Amino acid sequence: MSDIFREIDEELRRDNLLKLWARYGRYIIAVAAVALVVAGGIVAWREHQLAERRAQSTRYAGALTLARDGKGADAAKVFAAIGQEGGGYAVLASFEEAALLSKSGDRLAAIADYDHIAATGDLDPGLRGLALLLSVMQSLPEADARQTIERLAPLTESGNPWRPTAIELTALARLKSGDKRGALDLYKGLADDLAAPPSLRARAAEMAAALAS
């Protein structure tokens with residue numbers, strides 16, 4: 001008897017499946033087709049991205065070679081193009097372009113590049129901070145000291161990876177503005193900061209000694 005009931009149960013289940021398929025089969029096929037298209041698109045996009053990264057890598061390496069060979073202007077053009085494209089090498093290329101512009105004497109263009117990187121909201125905060133530091137370094141001779149101090153203020157906060165360098169630049173700005181006491185205090189603090197790089201601590205100690213004499 002159990003075999004009969006099992007066969008009846010299987011027939012009912014099969015009948016229900018056939019009814020469901022007759023009603024929803026076309027939707028299931030459509031969903032499956034879309035899933036295959038999406039999956040294929042993702043694979044194609046990944047391959048495209050990989051090919052682009054490889055191409056960028058080759059061009060980036062070529063631009064570095066141009067720079068080493070003394071062809072800075074040509075290298076800067078390649079770096080600028082890569083920087084506009086986005087992708088893995090875009091940020092590195094932007095930094096390289098700015099460095100070459102600075103080396104060639106075009107500090108205003110270099111500052112503009114660094115400021116653009118620093119203002120890129122979706123970029124890693126560490127890289128944005130580095131761009132800001134480099135911009136300040138380039139503009140320090142002519143920039144208003146108060147403005148320089150304000151720009152550096154976020155980087156001087158505790159825990160920021162660029163804090164020692166930002167404090168050193170802040171001390172220079174204070175010295176430029178005539179605030180010798182403020183600069184001396186900052187240099188003394190840096191000289192005693194064990195988290196700061198040894199070379200920076202040594203510079204700070206020398207400046208503190210010079211200002212205290």
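The values are calculated or read from the model by the stated rules, or taken from the named source; none is laboratory data. None of these values were measured; they are calculated from a predicted model. Glycine gets a Cβ as well: all are built from the backbone with ideal geometry, and neighbour counts include every protein chain shown.
Miscellaneous remarks
- Scanning the stretch 106-124 for residues that are of a type outside the set (Asp, Glu) and modelled with pLDDT of 90 or more turns up Arg107, Leu108, Ala109, Ala110, Ile111, Ala112, Tyr114, His116, Ile117, Ala118, Ala119.
- Test: Gln147 is free of Cβ contacts under 8 Å to residues at least 12 places away in the same chain and not hydrophobic (A, V, I, L, M, F, W, C): yes
- Flag: Leu130 does not match the condition of being more than 26 Å from Ala109 (Cα to Cα), surrounded by 18 or more Cβ atoms within 10 Å (Cβ to Cβ) and modelled with pLDDT of 90 or more.
- Of the candidates Ala63, Ala67, the single residue that is over 22 Å from the mean Cα position of the chain (by Cα) and modelled with pLDDT under 90 is Ala67.
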